[in-house]
């Protein structure tokens with residue numbers, strides 16, 4: 001599903017150049033639930049952004065579902081993002097003047113799905129994250145956990161091949177974090193490929209595989225026994 | 001392009017960003033408002049100038065006698081010049097092609113009496129042509145005619161003011177008016193658009209006046225209009241030739257500037273026209289500057305809007321919005337706001353002008369008005385150019401890497 005070879009990325013910081021990713025090789029199959037771990041500055045978010053086509057690598061190969069991702073125009077990148085990828089951010093990134101339902105329906109709008117179908121689909125995913133009753137509420141009327149669940153519903157609405165989550169529990173307390181992870185596990189159970197960036201050990205152990213990044217290289221890549229989040233959720 | 005979703009996006013965005021919407025709308029409406037007021041002011045000033053000349057025909061020439069300032073042909077300096085009927089006939093004969101209307105003026109101040117009312121007025125002896133030169137408007141009855149002139153009829157055409165003061169509510173036509181003990185018959189009442197003082201005058205046939213007041217053939221001054229087909233140069237040439245010929249006839253030094261005066265309206269009118277053209281030029285210049293300021297204002301606000309929405313743009317791009325859809329989102333909203341407020345401002349200011357126009361009627365400022373086509377064109381230009389000004393930043397914003405846009409706060 002995802003394949004990257006010798007990926008490099010550096011940022012210009014004034015006159016200095018900061019080498020963030022120093023040759024990443026990585027492969028993820030369909031249906032995997034991968035945690036990308038590392039301390040801050042290790043390059044884990046940069047890696048996720050490149051995988052999500054929000055950012056571009058300097059050198060290296062990236063093949064997503066058999067499609068090489070290289071030198072894309074913004075229009076083409078938008079099409080791929082829309083078709084292949086769903087995003088969940090630490091800060092939720094909901095559009096604050098749109099209701100939960102409208103936020104969830106937005107990727108479908110960019111897929112040119114008709115209005116009726118769009119709303120029905122968005123409602124279906126809101127129901128799946130348990131927020132059907134909150135469909136007409138604005139983001140600032142929702143709790144952090146609810147916001148993240150709306151964001152997950154939004155990411156799922158487009159039925160992407162890969163779900164990318166950048167510190168999805170970073171802004172949440174542990175109880176809410178487990179609720180969100182429970183949801184992510186359920187989505188993974190349905191066969192979706194999910195990559196989660198986190199620096200929390202317990203969150204990482206709720207995935208099926210952990211990749212450790214340090215100073216821009218992968219230092220560890222292991223399959224683990226998944227801890228089910230549902231046992232912590234009442 | 002304009003489906004229900006687009007409208008909903010625009011409506012959402014407007015509803016949730018009232019200040020931003022207001023600022024954009026206000027700057028557009030304000031620009032149009034100022035522009036309309038400017039155009040109306042210039043128009044009002046021009047109307048005012050032309051109206052000042054409306055008192056008399058714009059091709060008038062007036063000839064006033066005075067006294068010589070130089071000795072000439074055996075006469076001493078300081079000789080008073082007096083025009084006579086012969087001089088009038090001489091001008092008529094010599095310049096048949098060059099004048100349109102001509103009339104002598106023979107003024108006498110009289111005490112006029114009707115029933116119990118009396119008043120002091122000037123009776124001016126004129127010929128029927130005088131009506132056209134002075135632009136007197138007959139309100140009732142009739143003006144003097146050739147027969148009155150020939151028969152030396154004791155008839156009067158009185159100004160509206162005279163009618164008000166002496167006749168009150170009576171219909172003056174056919175009534176007798178006693179002036180300096182002599183009985184005249186009122187045959188008409190006139191008004192004068194440009195000059196209300198003129199309406200306190202009384203006109204009579206000059207032949208009648210000359211007969212009554214001293215049985216003379218003297219006249220006080222000559223009024224005429226030049227051939228309206230003449231342009232400015234020919235009109236001046238005509239009055240210059242007339243001056244030369246009259247000086248020769250009356251034995252005056254050709255260099256003598258004070259023996260009599262010829263006042264040719266062509267001169268002043270040409271100045272006014274130049275000034276009016278200049279005003280139009282200034283109006284266009286300032287108007288263009290206002291338009292530019294408006295465009296810059298709209299562009300500024302759009303840049304601000306785009307900055308404010310950078311994060312939202314990043315989110316939308318992460319969800320798969322193409323750059324063209326981002327540009328559309330921003331521009332559609334601003335087009336809707338600028339169009340509504342632009343035409344709103346236009347209607348508002350034109351309403352104000354339409355309201356004020358009939359009321360304002362000062363000597364130098366009268367009936368300000370605007371050309372609808374000009375205003376509509378200006379509004380459309382402002383809207384289009386404003387949107388163009390927003391196009392560049394919105395295209396740039398739409399092509400920013402999503403990660404950079406998402407990091408913005």
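Return the calculated 222 nm mean residue ellipticity for chain A, to the nearest 500 deg cm²/dmol, obtained by summing -39500 (n - 2.57) across DSSP H runs with n ≥ 4 and dividing by the residue count. Could you put the intermediate results ahead of the total?
Values: 7 runs with 78 residues, N = 234.
Calculated at 222 nm, the ellipticity per residue is -10000 deg cm²/dmol.
Normalising by the residue count of chain B, find the relative contact order in percent from Cα pairs under 8 Å and 6+ residues apart. The partial results should precede the final answer.
Values: 685 pairs, mean separation 114.6, N = 409.
This gives 28 percent for chain B.
Taking only the alpha-carbon positions of region B:60-265 and ignoring solvent, what does the Debye formula give for the base-10 log of I(q)/I(0) at q = 0.10, 0.16 Å⁻¹?
Values returned for q = 0.10, 0.16 Å⁻¹ are -0.47, -1.04.
Using only Cα atoms, locate the centre of region B:323-355 and the centre of region B:358-387, then give the distance between them in Å, rounded to an integer.
If we compute the Cα centre of each part, the gap is 17 Å.
Mind checking the angle between helix B:4-16 and chain B's longest principal axis? C-alpha axes, 0 to 90 degrees, to the nearest 10.
Long axis of B:4-16 versus the principal axis of chain B: about 80 degrees.
To the nearest 0.05, what FRET efficiency results for residue B:5 and residue B:271 with a Förster distance of 56 Å applied to their C-beta separation? All intermediate terms of the calculation are to be shown ahead of the outcome.
Values: r = 62 Å, r/R0 = 1.12.
So the FRET efficiency works out to roughly 0.35.
Given a Förster distance of 60 Å, report the FRET efficiency between residue A:30 and residue B:293 from their Cβ-Cβ distance, rounded to the nearest 0.05. Walk me through the intermediate numbers first.
Details: r = 59 Å, r/R0 = 0.99.
Given R0 = 60 Å and the Cβ-Cβ separation, E is 0.50.
So how many Å³ per residue does the convex hull of the Cα atoms of region B:147-228 work out to? Spell out each step's value before the answer.
On the way: hull volume 11.2 nm³, N = 82.
Spelled out: Cα convex hull of region B:147-228, divided by residues, is 136 Å³.
Report, in degrees rounded to the nearest 10, the 0 to 90 angle that the Cα long axis of helix A:115-128 makes with the longest principal axis of chain A.
Roughly 80 degrees, rounded to the nearest 10.
With a bin width of 5 angstrom, please list the P(r) values of region A:166-225 as percents of all Cα-Cα pairs, from the 0 bin to the one holding the largest distance.
4, 16, 28, 26, 16, 8, 1
For region B:318-385, just run the numbers: alpha carbon Rg, then divide by 2.2 N^0.38 Å, N being how many residues it has. If you can, show how the numbers build up before the last one.
Numbers: Rg = 18.7 Å, N = 68, 2.2 N^0.38 = 10.9 Å.
Output field value: 1.71.
Which whole-number value in Å³ per residue fits the convex hull of the alpha carbons of region B:159-305?
Working: hull volume 36.0 nm³, N = 147.
That works out to 245 Å³ per residue.
Quick check for you: which residues of region B:103-136 have the amide N under 17 Å from the point 7 Å beyond the Cα of residue B:80 toward its beta carbon?
Taking a point 7 Å out along Cα→Cβ of residue B:80, the residues of region B:103-136 whose backbone N falls under 17 Å are B:105-109.
Mind checking the angle between helix B:372-398 and chain B's longest principal axis? C-alpha axes, 0 to 90 degrees, to the nearest 10.
Long axis of B:372-398 versus the principal axis of chain B: about 20 degrees.
If you average the alpha carbon positions of region B:54-100 and of region B:266-287, how far apart do those two centres end up, in angstrom?
32
Please work out the C-alpha center-to-center distance from region A:154-172 to region A:40-85 and express it in whole Å.
So the two Cα centres are separated by 15 Å.
Please rank B:226, A:110, B:50, fewest neighbouring Cβ atoms within 10 Å first, as an exposure proxy.
On the way: B:226 25, A:110 19, B:50 15.
Listing B:226, A:110, B:50 from fewest to most nearby Cβ atoms yields B:50, A:110, B:226.
Mean shadow of region A:2-232, computed from the convex hull of its alpha carbons, in nm²?
Numbers: hull surface 51.3 nm².
Projected area, direction-averaged: 12.8 nm².
Order these by the 10 Å Cβ neighbour count, fewest first: A:149, B:407, B:79.
Working: A:149 26, B:407 11, B:79 17.
Sorted ascending by nearby Cβ count, the order is B:407, B:79, A:149.
Under the rule of -39500 (n - 2.57) per DSSP H run of 4 or more residues, summed and divided by the residues of chain B, what mean residue ellipticity at 222 nm is obtained, to the nearest 500 deg cm²/dmol? The partial results should precede the final answer.
Details: 12 runs with 213 residues, N = 409.
Mean residue ellipticity at 222 nm (helix-derived): -17500 deg cm²/dmol.
Using only alpha-carbon positions, what ratio does the radius of gyration of the protein assembly as shown give when scaled by 2.2 N^0.38 Å? Each step should come with its number before you reach the end.
Numbers: Rg = 45.4 Å, N = 643, 2.2 N^0.38 = 25.7 Å.
So the protein assembly as shown has a normalised radius of gyration of 1.77.
What percent of all Cα-Cα pairs in region B:272-409 falls in each 5 Å bin, counting up from 0?
2, 9, 15, 16, 14, 11, 9, 7, 6, 5, 3, 2, 1, 0
Could you line up A:232, A:109 from fewest to most neighbouring Cβ atoms inside 10 Å?
Values: A:232 16, A:109 21.
Taking fewest neighbouring Cβ atoms as first place, the list is A:232, A:109.
With Kirkwood's inverse mean 1/r over C-alpha pairs for Rh, give me the Rg to Rh ratio of chain B, two decimals please.
Values: Rg = 34.2 Å, Rh = 26.9 Å.
Rg/Rh: 1.27.
Values in this text are rule-based calculations from the coordinates and carry no lab data. The shown structure was predicted, so the numbers you read here are calculated from the model rather than taken from an experiment. In this analysis, Cβ positions are derived from the backbone assuming ideal geometry, glycine residues included, and neighbour counts consider all displayed protein chains.
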